[in-house]
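In what follows, a structure is listed as structure tokens, so that the remarks can point back to it.
The values are calculated or read from the model by the stated rules, or taken from the named source; none is laboratory data. It should be emphasised that the depicted structure is a prediction, and the values quoted were computed from it without experimental measurement. FYI the Cβ positions are ideal-geometry reconstructions off the backbone, even for glycines, and counts take in every protein chain you see.
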Amino acid sequence: MRRWGTALAAMALAGGALAATAGTAGAVTPTAAKAATTCETGWGSGEKTAQPAGHAPLGNIRTGRHACYDRIVFDVKGATAADRVGYRVGYVNTLHQDGSGEEIPVRGGAILEIHVSAPSYDPGSGAESYPGRARKPLPGVDISGYQTFRDTRFGASFEGETQVGLGVRARLPFRVFQADGHVVVDVAHSWNAAR
């Protein structure tokens, strides 16, 4: 009788431990939750540049919201992964229009000046390829509700480059990379990697 009681007690304990293990296997622990929302922010806020391999025309500028950053993308017509699109991206105190030097007001706590080696016109024909107008917000871009972006301003298309002013909440880390005819600028939501 004693053996049966001991065996039943052992099985009950083993079953309870098994149930507790099974119950926590699918649960998100605080450590796992933190790991799932960790954002990369080691990009820094210094100027970033790349030399161009050509000057294909700018086709479009668009933006997107992501969990850790806001993104602006420059679509360059006809450029491929082999055609490096040049860029120069960095923070400035004031945005001055290329060519004229006139100040362009940009709302936000900081201004990111973006130059992309893609004019807003076709270099061969002179036909407009992107309808940006100096000092005006970027056409078709709506950044309302974005966590980092505050304003967009078209600067100019001058000497084979397009200039854009991007107003951001504060001087935050950013990265720039190219992907098959696109120049991508991501601005982090914060300096803190844990979200």
Exercise for the section: Please enumerate the residues belonging to the stretch 67-85 that are farther than 23 Å from Thr38 by Cα, in contact with a strand residue (DSSP E or B) (Cβ under 7 Å, 6 or more places away or on another chain) and not β-branched (Val, Ile, Thr). Expected result: Phe74, Asp75, Lys77, Arg84
Completion exercise
Condition set of a type in the set (Gly, Ala, Ser) and in contact with a strand residue (DSSP E or B) (Cβ under 8 Å, 6 or more places away or on another chain), scope the stretch 53-66, selection nearest to Phe177 (Cα to Cα): answer is Gly64
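Condition check ((1) buried (at least 17 other Cβ atoms within 10 Å of the Cβ); (2) in a loop (DSSP other than H, G, I, E, B); (3) at negative phi) across all residues:
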{"position": "Arg62", "(1), (2), (3)": "no, no, yes"}
{"position": "Asp70", "(1), (2), (3)": "yes, no, yes"}
{"position": "Ser100", "(1), (2), (3)": "no, yes, yes"}
{"position": "Ile111", "(1), (2), (3)": "yes, no, yes"}
{"position": "Ala118", "(1), (2), (3)": "yes, yes, yes"}
{"position": "Ser125", "(1), (2), (3)": "no, yes, yes"}
{"position": "Leu138", "(1), (2), (3)": "yes, yes, yes"}
{"position": "Gly155", "(1), (2), (3)": "yes, no, yes"}
{"position": "Ala170", "(1), (2), (3)": "no, yes, yes"}
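For every residue, the table says whether it meets (1) of a type in the set (S, T, N, Q); (2) more than 15 Å from Ala118 (Cα to Cα); (3) in contact with a helix residue (DSSP H, G or I) (Cβ under 6 Å, 6 or more places away or on another chain).
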site	(1), (2), (3)
Arg133	no, yes, no
Gly140	no, yes, no
Gly155	no, no, no
Asp186	no, yes, no
Asn192	yes, yes, no
Handout entry: Where Asp180 falls short, out of the listed (1) part of a loop (DSSP other than H, G, I, E, B); (2) over 19 Å from the mean Cα position of the chain (by Cα); (3) closer than 19 Å to Val85 by Cα
Key = (2)
Completion exercise
The condition from (1) touching a Gly at 6+ places or on another chain (Cβ under 9 Å); (2) farther than 18 Å from Lys48 by Cα; (3) acidic (Asp, Glu) that Glu161 misses is numbered (2)
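With respect to Val183, determine if the residue is closer than 21 Å to His66 by Cβ, crowded, with 24+ Cβ neighbours inside 10 Å and aliphatic (A, V, I, L, M).
Values: closer than 21 Å to His66 by Cβ: yes; crowded, with 24+ Cβ neighbours inside 10 Å: yes; aliphatic (A, V, I, L, M): yes.
Considered against the rule, which asks whether it is closer than 21 Å to His66 by Cβ, crowded, with 24+ Cβ neighbours inside 10 Å and aliphatic (A, V, I, L, M), Val183 comes out as yes.
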Practice task
Can you work out which of the residues in the stretch 49-60 that are buried (at least 16 other Cβ atoms within 10 Å of the Cβ) and in a loop (DSSP other than H, G, I, E, B) is modelled with the highest pLDDT?
Solution key: Pro57
